[in-house]
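Novice: Below you will find the structure I want to go over with you.
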Amino acid sequence: MKKQEMEAQAAIKQHMGLKASARISNTVIYVILVLMSIIWLIPFICIVLQSFRTESTWSVGYILPKQWGFQNYVDLWNSNFKRWYLNTFIIALIVAAIQTIIVLCMSYTLSRFRFKLRKSLMKFMLILGMFPGMLTMIILYRVLKDLGLTESHAVPGLVLVYVASSGMGYYVSKGFFDTIPKSLDEAARVDGATRAQVLYKIILPLAKPIVIYTILTAFMAPWGDFVFAKYVSFEDPVGMNVAVGLWKWLTPDMINQRYTMFCAGGVIVAVPVAVLFMCLQKYYVEGVTGGAVKG
Amino acid sequence: MASVKLTKVKKIYDNKVVAVHDFDLDIKDKEFVVFVGPSGCGKSTTLRMIAGLEEISEGTVEIDGVVVNDLQPKDRNIAMVFQNYALYPHMTVYDNIAFSLRLQKMPEDLIYEKVTKAAEILGITEYLMRKPRALSGGQRQRVAIGRAMVRESKVFLMDEPLSNLDAKLRNQMRAEIILLRQKLNTTFIYVTHDQTEAMTLADRIVIMKDGFIMQVGTPAECFDMPANLFVAEFIGAPKMNIIKCELLREGDKYYVNPFGTKIEVTGEKGRELASRNVRAGKILLGVRPEHITLTQQGGIPTRLEVNEMMGSELHLHVYTEDETRLIVRVPTIGLTNEQRKSMVYGSALNITFEGKVMHFFDPETEKNLLLD
């Protein structure tokens, strides 16, 4: 009996020991994660704080404002920022809509249809996608210039640039579509649906996470783009997007008057994307990982 | 309700693999035909070609006298039940069943009437507002059948609909399909790899192997007079015992000599051999396990290796002196407790069979000697 009791006590002690070591390792992990989060958040916090600073408009050597207010946001409202913001929003919205349609149709086609050179086409696009987009910058500029879609007419030009290679971004959504059983398509076709009806009545409702992921990524690329936007708009205040506009405020001749407004602009730019991500993060994660493992 | 006619239908895949060879079949109106065969024999491919889900490489498929080769599945007036149910997961049971009717732009009140009637027949009324994930396998299969039912199609196609169910549920659903068939009174084409399903459901069975039709016939025809060795072994469980021996002829009488014995071929089989004037020589002799009996005296001496207790019968795996393995089906009802207890590993058993229950196959062509 005594031996049994001792064994039981030893087992309990061992269990407690394991519990304690698990607690310690968890604590260490959490401390590291919290530290990383703080380091990661510092620039964002600084920008938010600077956007509320009203005692001066230039860059200062401290973080906490001495005078707080919304003046920078009011100034922002009365500046060209409104136009840039609208330009960016229009571009991002149109690109998100067109790119989503193209990507989903492309992915569905490559997932479901079997045609000659299908695999070669996929490989070709994979290789093509490995080249940086920047390589095409000069020729794209020439083409857009000839079409009159640069400088003050940069908005449609940029839409064209972003949408042009949409079809090549099919990998993630094709992977997701591949996990949806083909027999659902076949059942719907036997039930009387056309291919298009199969896509929008059966496949797309089942692929909600990937649709949202596609919309988000399609929206994000033009929303934050700087290089192409700067090149195509050629710093014309009418055709600029918000990234180029804000960058202009950081040039040496403007930074002293516009630094805090730049920070306020940064906050305004980040808000819709942050809200969008927070609301849709569940779908976003499902979308990214959806094609990875067959469910 | 319609007839289905397949003429020289062939399926060749892009990699030049021929899945179905010159498939000829005439399915009558309201007939229940079952395609049966092992995996990869082309039965599902043939069904999918009829459904329009697979392109037909050569030949023609006619439904109700109309060649449908180039018609889309939706234009063929067929309904299909899939092996994995293929229910639309984002829709309720009601919406699943109503889907095809809505595509036809049928008025909602008529859809309601049809869906509720089908649900009532299938006993799924209480699940109409549930999503498929909240249903059991059997309930899901009922929904899939309901979805096909409401279309009131000319031909009802079923691709291994019971394969995903457990044994008990499979038996239950099999009986329900028989009842459904009586209610719907339409043409059924059913695919399965399970010979029991084929035997119990079919008016006619089409037995396939490697893309070729091995035999077309009623379940009784296929069981009693298998066209070749493959059919003989495929139909019936446990499978038919095949014994290498010789067919001997003495005047009008025929004998076989398995394992050094001499058994006269009697009854219909003996007369048939004589009328066909079958030559004596080496043959493959087929005897079904249920036609072998245990005997106390004489017979073929064997050694018992495995005794499978199946409830109402025993499946005895015995080995002859030349190490040929045979299976014997023995009803338990005729056995005493002592006899049962004596049937253990290594025990000696004498077996015999009658001449009227034998099947004779050509060792080279493997064809039944009593069929053309």
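The values are calculated or read from the model by the stated rules, or taken from the named source; none is laboratory data. Model, not experiment: these values are computed from the prediction. Counting neighbours? That spans all protein chains shown, and the Cβs are built from the backbone with ideal geometry, glycine included.
Novice: So, A:VAL267, is that one within 13 Å of chain B (Cβ to nearest Cβ), assigned to a helix (DSSP H, G or I) and either surrounded by fewer than 18 Cβ atoms within 10 Å (Cβ to Cβ) or not polar (S, T, N, Q) (or both) or not? Walk me through how you get there before you give the answer.
Specialist: On the way: within 13 Å of chain B (Cβ to nearest Cβ): no; assigned to a helix (DSSP H, G or I): yes; either surrounded by fewer than 18 Cβ atoms within 10 Å (Cβ to Cβ) or not polar (S, T, N, Q) (or both): yes.
Considered against the rule, which asks whether it is within 13 Å of chain B (Cβ to nearest Cβ), assigned to a helix (DSSP H, G or I) and either surrounded by fewer than 18 Cβ atoms within 10 Å (Cβ to Cβ) or not polar (S, T, N, Q) (or both), A:VAL267 comes out as no.
Novice: For the stretch A:247-257, give me each residue that is in contact (Cβ under 8 Å) with a residue 24 or more places away in the chain and either in a loop (DSSP other than H, G, I, E, B) or not β-branched (Val, Ile, Thr) (or both).
Specialist: Correct list: A:ASN256, A:GLN257.
Novice: Kindly check whether there is at least one residue in the stretch B:76-88 that is more than 23 Å from the chain's Cα centre (by Cα), of a type in the set (Lys, Arg) and surrounded by 17 or more Cβ atoms within 10 Å (Cβ to Cβ).
Specialist: Yes, the stretch B:76-88 has at least one match.
Novice: Do the conditions hold for B:LEU165, that is, is it without any contact (Cβ under 8 Å) to a residue 60 or more places away in the chain and hydrophobic (A, V, I, L, M, F, W, C)?
Specialist: Details: without any contact (Cβ under 8 Å) to a residue 60 or more places away in the chain: yes; hydrophobic (A, V, I, L, M, F, W, C): yes.
Spelling it out, B:LEU165 is indeed without any contact (Cβ under 8 Å) to a residue 60 or more places away in the chain and hydrophobic (A, V, I, L, M, F, W, C).
Novice: Hey, any hits in the stretch B:123-146 for a residue that's in contact with a strand residue (DSSP E or B) (Cβ under 8 Å, 6 or more places away or on another chain), assigned to a helix (DSSP H, G or I) and away from every other protein chain (no Cβ under 12 Å)?
Specialist: Yes, the stretch B:123-146 contains a residue that is in contact with a strand residue (DSSP E or B) (Cβ under 8 Å, 6 or more places away or on another chain), assigned to a helix (DSSP H, G or I) and away from every other protein chain (no Cβ under 12 Å).
Novice: Could you pull out every one of the helices (runs of 4 or more DSSP H) wholly within the stretch B:206-304 that has 2 or more residues that are surrounded by fewer than 18 Cβ atoms within 10 Å (Cβ to Cβ) and assigned by TED's automatic domain parsing to the domain that holds B:ALA348?
Specialist: Working: elements: B:219-224, B:229-234, B:267-275.
It comes to B:267-275.
Novice: Within the stretch B:11-58, restricting attention to residues that are in contact with a Ser or Thr (Cβ under 6 Å, 6 or more places away or on another chain) and more than 25 Å from B:THR186 (Cα to Cα), which residue is surrounded by the most Cβ atoms within 10 Å (Cβ to Cβ)?
Specialist: In this case the residue turns out to be B:VAL20.
Novice: Can you find even one residue in the stretch B:172-190 that is more than 30 Å from B:GLU354 (Cα to Cα) and in a loop (DSSP other than H, G, I, E, B)?
Specialist: Yes, some residue in the stretch B:172-190 is more than 30 Å from B:GLU354 (Cα to Cα) and in a loop (DSSP other than H, G, I, E, B).
Novice: Continuing with the same structure: Name the helices (runs of 4 or more DSSP H) wholly inside the stretch A:180-243 in which the number of residues that are small (Gly, Ala, Ser) and more than 12 Å from every other protein chain (Cβ to nearest Cβ) is 3 or more.
Specialist: Answer list for the stretch A:180-243: A:208-224.
Novice: Can you tell me which of (1) in a helix (DSSP H, G or I); (2) modelled with pLDDT of 85 or more; (3) buried (at least 16 other Cβ atoms within 10 Å of the Cβ) is the one A:TYR283 doesn't meet?
Specialist: Exception for A:TYR283: condition (2).
Novice: Within the stretch A:158-179, how many residues turn out to be part of a loop (DSSP other than H, G, I, E, B), out of contact with any Ser or Thr (no Cβ under 7 Å at 6 or more places or on another chain) and more than 23 Å from A:VAL227 (Cβ to Cβ)?
Specialist: Number satisfying all stated conditions: 1.
Novice: Anything in the stretch B:64-82 that is more than 10 Å from every other protein chain (Cβ to nearest Cβ) and part of a strand (DSSP E or B)? List them, or say none.
Specialist: Once the filter is applied, which keeps residues that are more than 10 Å from every other protein chain (Cβ to nearest Cβ) and part of a strand (DSSP E or B), the stretch B:64-82 yields B:VAL66, B:VAL67.
Quick grid of which residues meet (1) at pLDDT below 95; (2) under 20 Å from the mean Cα position of the chain (by Cα); (3) outside the structural domain of B:VAL155 (by TED's automatic domain parsing):
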| site | (1), (2), (3) |
| --- | --- |
| B:VAL17 | yes, no, no |
| B:LYS30 | yes, yes, no |
| B:LEU47 | no, yes, no |
| B:GLY65 | yes, no, no |
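Novice: Within the set of pairs 6+ apart or on separate chains, which have a first residue in the stretch B:168-179 that is among the hydrophobic types (A, V, I, L, M, F, W, C), a second that is modelled with pLDDT of 90 or more, and C-beta atoms under 6 Å apart?
Specialist: Close Cβ pairs satisfying both conditions: B:MET173/B:LEU162.
Novice: Another question about this same structure. What number of residues in the stretch B:29-55 are in a helix (DSSP H, G or I) and within 14 Å of chain A (Cβ to nearest Cβ)?
Specialist: Filtering the stretch B:29-55 down to residues in a helix (DSSP H, G or I) leaves B:43-51.
From the residues that got through so far, the ones that are within 14 Å of chain A (Cβ to nearest Cβ) too are B:44-45, B:47-51.
Adding up the residues that qualify gives 7.
Novice: If you don't mind, another one. Restricting the search to the stretch B:28-70, which residues are farther than 27 Å from B:ILE235 by Cα and of a type in the set (D, E, K, R)?
Specialist: Once the filter is applied, which keeps residues that are farther than 27 Å from B:ILE235 by Cα and of a type in the set (D, E, K, R), the stretch B:28-70 yields B:GLU54, B:GLU55, B:GLU58, B:GLU62, B:ASP64, B:ASP70.
So that you can scan it fast, the table gives a plain yes or no per residue for (1) under 22 Å from the mean Cα position of the chain (by Cα); (2) over 30 Å from A:THR214 (Cβ atoms); (3) surrounded by fewer than 19 Cβ atoms within 10 Å (Cβ to Cβ):
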| residue | (1), (2), (3) |
| --- | --- |
| A:GLN50 | no, yes, no |
| A:ARG53 | no, yes, no |
| A:GLY69 | no, yes, yes |
| A:ASN72 | no, yes, no |
| A:ASN80 | no, yes, yes |
| A:LEU86 | yes, no, yes |
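Novice: Would you please list the contacts, defined by Cβ atoms under 6 Å and residues six or more apart or on different chains, that run from a residue in the stretch B:295-313 that is more than 7 Å from B:ASN350 (Cα to Cα) to a residue that is assigned to a loop (DSSP other than H, G, I, E, B) and small (Gly, Ala, Ser)?
Specialist: B:LEU304/B:SER347
Novice: Please find, among B:TYR112, B:TYR88, the residue that is among the hydroxyl-bearing types (Ser, Thr, Tyr) and either facing another protein chain (nearest Cβ under 9 Å) or touching a strand residue (DSSP E or B) at 6+ places or on another chain (Cβ under 9 Å) (or both).
Specialist: The conditions single out B:TYR88.
Novice: What number of residues within the stretch A:142-154 satisfy the criterion of being modelled with pLDDT under 90 and either acidic (Asp, Glu) or in a helix (DSSP H, G or I) (or both)?
Specialist: Residues that pass the stated criteria total 4.
Novice: Same structure again: Against the definition (under 30 Å from A:TRP249 (Cα atoms) and either over 30 Å from the mean Cα position of the chain (by Cα) or charged (D, E, K, R) (or both)), how does A:SER21 come out, yes or no? Let's see the steps before the verdict.
Specialist: Values: under 30 Å from A:TRP249 (Cα atoms): no; either over 30 Å from the mean Cα position of the chain (by Cα) or charged (D, E, K, R) (or both): yes.
The answer is no for A:SER21.
Novice: Kindly indicate the residue of the stretch B:91-109 that is touching a Leu at 6+ places or on another chain (Cβ under 9 Å) and touching a residue at least 40 places away in the same chain (Cβ under 8 Å) and also farthest from the other protein chains (Cβ to nearest Cβ) among those meeting that condition.
Specialist: Restricting to residues being touching a Leu at 6+ places or on another chain (Cβ under 9 Å) and touching a residue at least 40 places away in the same chain (Cβ under 8 Å), the top hit is B:VAL93.
Novice: A further question on this structure: Looking only at residues in the stretch B:161-170 that are in a helix (DSSP H, G or I) and surrounded by 15 or more Cβ atoms within 10 Å (Cβ to Cβ), which one is modelled with the lowest pLDDT?
Specialist: First, the residues of the stretch B:161-170 that are in a helix (DSSP H, G or I): B:167-170.
Filter once more, keeping what is surrounded by 15 or more Cβ atoms within 10 Å (Cβ to Cβ): B:169-170.
Numbers: B:LEU169: 85, B:ARG170: 88.
Taking the candidates together, the pick is B:LEU169.
Novice: Taking the conditions exactly as written (more than 20 Å from A:LYS201 (Cα to Cα) and either modelled with pLDDT of 95 or more or buried (at least 16 other Cβ atoms within 10 Å of the Cβ) (or both)), does B:ILE111 satisfy them or not?
Specialist: So B:ILE111 does not fit the description; no.
Novice: Just one of the numbered conditions (1) closer than 17 Å to B:ARG181 by Cβ; (2) exposed (fewer than 15 other Cβ atoms within 10 Å of the Cβ) is not true of B:MET129; which one?
Specialist: Looking at each condition in turn, B:MET129 falls short on (1).
Novice: Moving on to the next point. Checking A:ALA96 against (1) farther than 30 Å from A:SER233 by Cβ; (2) surrounded by 14 or more Cβ atoms within 10 Å (Cβ to Cβ); (3) of a type outside the set (Phe, Trp, Tyr), only one condition comes out false. Which one?
Specialist: Result: A:ALA96 passes all but (1).
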